[in-house]
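Down below is the structure, laid out as C-alpha cells.
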Amino acid sequence: MKWPGILRGAILSLILTVAAGMLPALAQGTQPVPGTPTAADSGSVAQQPAPSSSTPPSAAPAAASPATDQSPAATAEPQASTPAQRQTPSPAALTLEPGAAAQVDSWKLTLDQIEIGLSRDGINEQQLSALEQEIQPIHFAALEMANRLNDRLQTLRARLQEVAPAPKEPESGNSGATNPGTAETPAVSGEAATLTETVAQLEAVAGKARLVVVQAEQLQSRISELRRAAFTGSLTAKQPSLFAPSLWQEAYAALPRSWRSARIIAGDALAAASVPTLSTLLPAIAALVGGLLAVILSRVFLRRFTRRSSLEDEPTRFARINTAAWRVVVYGVIPALAIHTIGTAFLAGGHVPPRLEPFVRTVLVGISMLVFIDALARTILSPRAAAWRLVDLPDTVTRPTEFTVDLAVLLVIVRYLLMRLFDLTATPLALSVATSAVFSLLIVIVLALGLMHIAQARSAVEESHIMTRNERYWRLLRGVLWLSLAVIAAAAISGYVALAAFLSTQLVFAGVLLALLALIITLIDELTDAYLDTDDHQRTALARAIGVERASAKQIAILASGLVRFALIVLAGILLLLPWGFDTRQWRGWVDQVFFGFKVGDITISLSAILTALLLFLIGFAGTRAFQHWLSNSYMPHTKLDIGLRNSIGTALGYVGVVLSAAFAITYIGLDLANLAIVAGALSVGIGFGLQSVVNNFVSGLILLAERPIKEGDWIKVGSAEGNVQRISIRATELTTFDRATVIVPNSDLISGTVTNMMHDNRIGRLVLQYGVGYNSDPDKVRDILLSAAQAHPDVMQQPEPFVVFMELGDSSLNFALYTYLRDVAKTLLTRSDLNFTIFRALKDAGIEIPFPQRDLNIRTSDGLEKILAGFAPQKEKSGKS
C-alpha cells in the first residue's frame, strides 16, 4: 500500500471522529417530564437579591466573619520604622499583593449569596448552570492564591527560622542564665518582627482563601446533588397509565386546541417574517451552491476512488473498511453538513421569526442526523453488495435491518420535534404524555422486529453448537437488548413516560455511536496493519523522515494506534454518559484539579508539576549523557589515563548526574528529601531481608568502580568463564567470551570470589612454546633458531629477553621450551601462530627433523603369528607360478 492511501485513511479517521461528536446533539435534548418547571418559569437566582443583602457591601465581610476584624491583616497600622527597617525593604511589600484580603472577602460574599440562592425551592437547570459558572472561577482563583501564599509562607518561615531561631532549653543549674553571646542586635530584632508580622498577614489571607476553596467545593457538590435529584425526579415522575380512559379523553379534547394554537403561531410567523430579497437570500444561495458542489464532487471522487476496488470479487479487509469509511463521509457527513449550513444561512437572513428559529434549527439537526445515520447503516450492512459488507449477516436480513435502524431513528427524531412543537403551542399535558408513550411503544416494536429478523438469521449458527467469541458476545448483547425493550415498554404502559422516552432515545443513539466507534477503530487498526505490511524501503524512508530507526518507527506506530484507540473509547464513554446527568463542567473541574494540584494530607499532588519534574529529569539525564559522551570521546582520549580509569570516571559521573537530576525533580514536585530519607530508612529493614542480594551487588559494583580490580576491556577468568569485560553495570558485569557469547557475572562474585585478571596493572603477558626435535639434531643450533625467531617478532619484548630451556630427553625427541614476554597479552594467539610458522620454516630449512612418537611392540607368543604367516606362503607360490 502506498503512503497517500495511508494518509487519506488517517484524515478519514479524523473526519469520522469529528462526526461522532455530533451524535449526542439529540441524545442530550431529551424531553423533560411534561409539567415540570422550565427556565422560563422563574428568574435567575443570581439576579435576585439575598435576604441579608440590605447590609452595605463593606460590612458584609465583617458580618460573615467576625474574626476578620481582629486579624493582623485588618488591624495593621503604619508604624515608625527603625533605621534598620528603613535600610531593609519590608517583606510584606514583596509577598502580599495589594487588595488580596479584599478580593478574598469579595469571593466569600459571592459564595454566601449563591448558597442562599441554592436553598430556595423551584430552582431549575438554567439557574444551576449560571450559579456553577459563577463558582468555578472563584474556586480556581482562590485555590491558586492559597497555593501561592503557602509557597511564600514556607520561604518566609525559613527566613524567620534563620533570623530568630527557636530558643534552646536552658541547661540544668543555669535556668535563669542568659548567654550574652546570643543576644540579638536591633537590626536582627527589627527584621524578625517584620517577618513575624508578614507571616501573620499571609497566614490570615491564606486561611481565608482555603475556606473559600472549601466552600466553593461544597457548593459545587450541592449543585451536582440538585442536578442529579432533578434529573432523577424528571425520569421517575408518574403520569396516568396508557390504559386510563381519562388520559385519552383529555388528549382527544386537547387536539382542537393544539391545532388552533399551531395555526395562530404559523400565521403570526408568516406575518412577522421579512420579505426575502436578493441581499438576504444571497448567503443561503451561496450555501446551497457550495453544498451541492461538495456533494457532487465528493461522489465523483468516491466513484473514481472505488472504481478499481469494485472490480474485485473478494476485496481485502482494508479495502472494505477504507471504502466503507469514505462512503460514510461522502453519503453521510458531507450531505448532513450541507443541509445544516444551508439552513443556518437561511436563518441568518432573518426570514424566520425569532420565536420559531429554535424549532427550525432543531428540524435541521434532526434531518442532518437522519441522513448521517442512514448512510452509516447502509454502509455497514451493504444490502446490495455482500462482498463489501462489514457484518456477518445474510442478504435476507440486511435490508430489513437497515429499514429497522432508519425507522427507529426517524421515530426518535419525530417524537422529539413533536415535543418541541407542543412546548411552543402550550399543548395540554395529556396530549404530550399520550404522544410520547405511543412513540416509545412504536420504537420498541420496531426494534423487537429487527432483533427477531437477526435472531432467525443466526439460529443456524447457534444450532451448530460451534460458539465463537463473537457469537457469545452477540448472545449477551441480545439478552441486554430484549431486557431494555421490556423495561421501556413497561415504563411507557405504566405511566413513566419520561423514563420510557429517555431510555428509548439513548438505546437508539448508543447503538449508532457504538457502530461508528467500531468503524473508526477498525479503520485505525487497518491503517496500522497497512503501515506494518509496507515494504522495507517505504518504511525506512518514513523512519528517516521522522528521525528514528525502522524498528522504533514500528513501535511508535503501534503505540500511537493504541493511544488513539484508548482516546476514542474514552470519548465514546463521555458521549454516552452525557445524557445521564454527567456534567462536562464538573469533569473539567476534576481534570483541572488533577492537573494543577490537589492535596492529600500535607502533600499537594499536581499532574503539571509531575510532568514538569519528569521533563526536568529527562533534560538532566540527557545533559548527563551528552557530557559523558563528550568526556569519553573528546576529552579523556587525549589524557594519559588508561581506558579502565576513563570508563570508571564516565560511569561514576553518570550515576552522579542521574542522582542529581532525580533529586532536583523530586524537589520541584515539592517532596521533602528529609521525609524520603526517613522512608528509605524504614525500608532499609525490608531491603536487608528481601533485597539483600541486589544491594550487595550494587555496593560491589561501586567497589569495582572505586578500586578497579577489573576494568572494561580486561581479560579475566572467573570460574569456568573467560573473556573480556564488556560493561560494569549496577548489578552485574557483562563478560564477552572469545566465542562471542555474553556471560552475566554478579558483582558480588567478582568481589568475594577468585578472579584472574590478565591485564590488571599492565598488558604484559608471557608466552611459552614447546618443540621437540630428533636425537640427531644439534641442541645449540635449535636454541639459536628459536631465539632468533622470537627476537625478530615485533610483539615480543626484548627486556625481559626471550630464553630457551632444554626441558628433557624425551622418548622420541629432544624437548625445548621457548619463553617470551609480550607487550600486549591480548595478542597471545596471533603471536603464537606467527612464531610457529616462522620456527617451522627455519627448522625445515636447517634440516632439523621433528620426529613422530616412536613405540616398541613386544609380542610374547608367536604360535598364532606363525600359522598366519604359513597360510600366506602357498598363496604367494601360486601367484608366482601363474
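General remarks:
- Residue 373 being closer than 18 Å to residue 416 by Cα, in the same structural domain as residue 512 (by TED's automatic domain parsing), surrounded by 20 or more Cβ atoms within 10 Å (Cβ to Cβ) and β-branched (Val, Ile, Thr): yes
- None of 787, 829 is within 23 Å of residue 846 (Cβ to Cβ) and assigned by TED's automatic domain parsing to the domain that holds residue 841 except 787.
- Test result for residue 200, surrounded by 13 or more Cβ atoms within 10 Å (Cβ to Cβ) and in contact (Cβ under 8 Å) with a residue 60 or more places away in the chain: yes
- The set of residues from segment 536-578 being in contact with a Ser or Thr (Cβ under 6 Å, 6 or more places away or on another chain) and modelled with pLDDT under 80 comprises 550, 557.
- Qualifying positions in segment 393-424 - among the β-branched types (Val, Ile, Thr) and either crowded, with 19+ Cβ neighbours inside 10 Å or over 22 Å from residue 360 (Cα atoms) (or both): 396, 397, 398, 401, 404, 405, 409, 412, 413
- Among the residues of segment 637-649, none qualifies, meaning not one is of a type in the set (A, V, I, L, M), at pLDDT below 80 and touching a helix residue (DSSP H, G or I) at 6+ places or on another chain (Cβ under 7 Å).
- Here residue 780 meets each of (1) surrounded by fewer than 19 Cβ atoms within 10 Å (Cβ to Cβ); (2) in a loop (DSSP other than H, G, I, E, B) with one exception, condition (2).
- Residue pairs whose Cβ atoms lie under 9 Å apart, separated by 6 or more positions or on different chains, with the first residue in segment 440-460 and among the β-branched types (Val, Ile, Thr) and the second at pLDDT below 80 and part of a helix (DSSP H, G or I), are 454/397; 454/474.
- Only one of 811, 761 that is in contact (Cβ under 8 Å) with a residue 40 or more places away in the chain, part of a loop (DSSP other than H, G, I, E, B) and of a type in the set (Asp, Glu): 811
- In segment 102-120, the residues that are in the same structural domain as residue 220 (by TED's automatic domain parsing) reach residues that are among the acidic types (Asp, Glu) with C-beta atoms within less than 8 angstrom, at least six apart or across chains, in these pairs: 110/134; 114/134.
- Per-region count, segment 815-855, residues surrounded by 13 or more Cβ atoms within 10 Å (Cβ to Cβ), of a type in the set (Phe, Trp, Tyr) and part of a helix (DSSP H, G or I): 1
- Take the conditions (1) surrounded by fewer than 20 Cβ atoms within 10 Å (Cβ to Cβ); (2) part of a helix (DSSP H, G or I); (3) aliphatic (A, V, I, L, M); residue 431 misses just one of them, which is (1).
The values are calculated or read from the model by the stated rules, or taken from the named source; none is laboratory data. Note that the structure is a prediction, hence the values are computed from the model and not measured. Cβ atoms come from the backbone with ideal geometry, glycine included; neighbour counts cover every protein chain shown.
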